[in-house]
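The values are calculated or read from the model by the stated rules, or taken from the named source; none is laboratory data. Here the structure is a predicted model, which is why all the values come from computation and not from measurement. Here Cβ is always computed from backbone atoms with ideal geometry, including for glycine, and neighbour counts include all displayed protein chains.
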Amino acid sequence: MGAQVSLDHDARAKTRTDLIVDVVLEDARARFVVEYKSRAPFPNEARRLEALRRRLEASGTPMLLAPYVSPGQGEALVRAGWSWADTERNFDLRSGPIRLRQRLPGAKKPRPSSSLPRGPGGLAVVRALIYGPKGFNDPRLGQQRLAATAGVSQPRVAQVLGRLRDAGLVRGKGREWRADREALLDAFLEEYRGPGGQEAYFYTLDPLVNVAWAVASRGPGEEGVVSADVGPDLLTPVRAPTQLIAYLSGPPDLSRAEVVPAEGRGDANVILRWPTDRSVLGPEGWILVRPARGRRIRVAHPTQLMWDLRWLGGEDRLTAAEELRKWILASP
């Protein structure tokens, strides 16, 4: 039986909220007290709405409505005690015995004006502000050190910091700037368009860590790093890897790996990418190297590990992404 939905404008006026939605599903009834936001909160912002949630809770089940709610944003809202819906017809409504969920595969986030810079140079600065070598994002080192480590010009660093400051992701001016790393990470995950470039698909019965070592061991002047699932497992082990994404600057040497070409992405457990966004590979100074089975494996930047975990999808990967998030934000 379908749910019956009605809007109560009189109740809305009494409770100082944007909308009241009454839902009847068989013998169950629920009243949702709706708060509209011009954008859904980033995952780290959901807990900051607790005072609002408590106020709405006095009149019914708190519900947030926004133009678009991404999977990550939706999960964070549910964890914070919210029901939610967006204008793309996605929703997750929970009140007593009522559980109504829908995620339409074709729904896409309306593209807002981005708060982040475009291009590998700007993204290299953003990635480094989120996670970089010890002391790299210390403002006392100045923009010159930031530019040298990110491999960009000092004017470009100043331009990026100015844009991030306007977006509220960096505070202060001149030598006194400081990045809001948590908000910057959330903005990156929501706005990053992906690495671009080309990719090839393979399948292996070998342990994925063996393939990771083979493709990430590059010759002079070549670059190769591994991402999800192997990369996150080397930093914050949560789940056994079942997929491997690796980023390369040139053709791989697969003679040391037992792999065969796959017909497509659905048949592959190894995806090799030659990215347009070179910040995926990162300056040599910030490449992470981790031991595995007596070998040393080069790992992609942690921001890319998180993005790829979400791209691959699955509840267990989202859990792994949250653990990686804690690891990133706990770094110096």
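Out of curiosity, is LEU272 under 23 Å from the mean Cα position of the chain (by Cα) and either surrounded by 24 or more Cβ atoms within 10 Å (Cβ to Cβ) or under 21 Å from ALA330 (Cβ atoms) (or both)? Break it down stepwise before answering.
Working: under 23 Å from the mean Cα position of the chain (by Cα): yes; either surrounded by 24 or more Cβ atoms within 10 Å (Cβ to Cβ) or under 21 Å from ALA330 (Cβ atoms) (or both): no.
No; evaluated as a whole, the condition is false for this residue.
Would it be correct to say that LEU329 is in a helix (DSSP H, G or I), in contact with a helix residue (DSSP H, G or I) (Cβ under 7 Å, 6 or more places away or on another chain) and at pLDDT below 90? Yes, satisfied. Just to check your reading of the model, which residue among THR319, THR303 is assigned by TED's automatic domain parsing to the domain that holds ASP233, in a helix (DSSP H, G or I) and surrounded by 14 or more Cβ atoms within 10 Å (Cβ to Cβ)? Among THR319, THR303, only THR303 is assigned by TED's automatic domain parsing to the domain that holds ASP233, in a helix (DSSP H, G or I) and surrounded by 14 or more Cβ atoms within 10 Å (Cβ to Cβ).
Within the option set ALA30, ALA40, being crowded, with 20+ Cβ neighbours inside 10 Å, of a type in the set (Gly, Ala, Ser), more than 28 Å from ALA183 (Cβ to Cβ) and out of contact with any Phe, Trp or Tyr (no Cβ under 6 Å at 6 or more places or on another chain) holds for one residue only, ALA30. GLY197 falls short on exactly one of the conditions (1) at pLDDT 90 or above; (2) surrounded by 15 or more Cβ atoms within 10 Å (Cβ to Cβ), and that condition is (2). When only residues in the range 138-171 that are more than 24 Å from the chain's Cα centre (by Cα) and modelled with pLDDT under 70 count, which is surrounded by the most Cβ atoms within 10 Å (Cβ to Cβ)? By that ranking, first place goes to PRO139.
A single entry from GLU88, GLU45 fulfils the requirement of being of a type in the set (Asp, Glu), outside any helix (DSSP H, G or I) and at pLDDT below 90: GLU88.
The test for being within 15 Å of TYR131 (Cα to Cα) and either loosely packed, with under 14 Cβ neighbours inside 10 Å or of a type in the set (Ser, Thr, Tyr) (or both) holds for ARG178.
Here's a check for you: in the range 266-296, which residue that is touching an Asp or Glu at 6+ places or on another chain (Cβ under 8 Å) and either among the polar types (S, T, N, Q) or not in a loop (DSSP other than H, G, I, E, B) (or both) is nearest to ALA320 (Cα to Cα)? If you could, list the steps in order and put the result at the bottom.
Of all residues in the range 266-296, those touching an Asp or Glu at 6+ places or on another chain (Cβ under 8 Å) come to 271-274, 281.
Next, only the ones that are either among the polar types (S, T, N, Q) or not in a loop (DSSP other than H, G, I, E, B) (or both) stay: 271-274.
Values: ILE271: 19, LEU272: 21, ARG273: 22, TRP274: 25 Å.
In this case the residue turns out to be ILE271.
Among the conditions (1) closer than 22 Å to GLU191 by Cβ; (2) touching a Pro at 6+ places or on another chain (Cβ under 7 Å), SER70 misses just one, which is (2).
Taking the range 12-37, which residues are assigned to a strand (DSSP E or B), under 20 Å from GLY81 (Cα atoms) and either aliphatic (A, V, I, L, M) or at pLDDT below 85 (or both)?
So the first thing to find is which residues in the range 12-37 are assigned to a strand (DSSP E or B), and the list is 19-25, 28-36.
Keeping just the survivors that are under 20 Å from GLY81 (Cα atoms) gives 19-23, 28-36.
Result: LEU19, ILE20, VAL21, VAL23, ALA28, ALA30, VAL33, VAL34.
Taking the condition modelled with pLDDT of 90 or more, closer than 19 Å to ILE287 by Cβ and assigned by TED's automatic domain parsing to the domain that holds GLY266, does GLY231 pass? For GLY231, the condition - modelled with pLDDT of 90 or more, closer than 19 Å to ILE287 by Cβ and assigned by TED's automatic domain parsing to the domain that holds GLY266 - is met. Only one of the numbered conditions (1) under 21 Å from ARG127 (Cα atoms); (2) at pLDDT below 90; (3) buried (at least 18 other Cβ atoms within 10 Å of the Cβ); (4) not charged (D, E, K, R) is not met by SER249, and that is (3).
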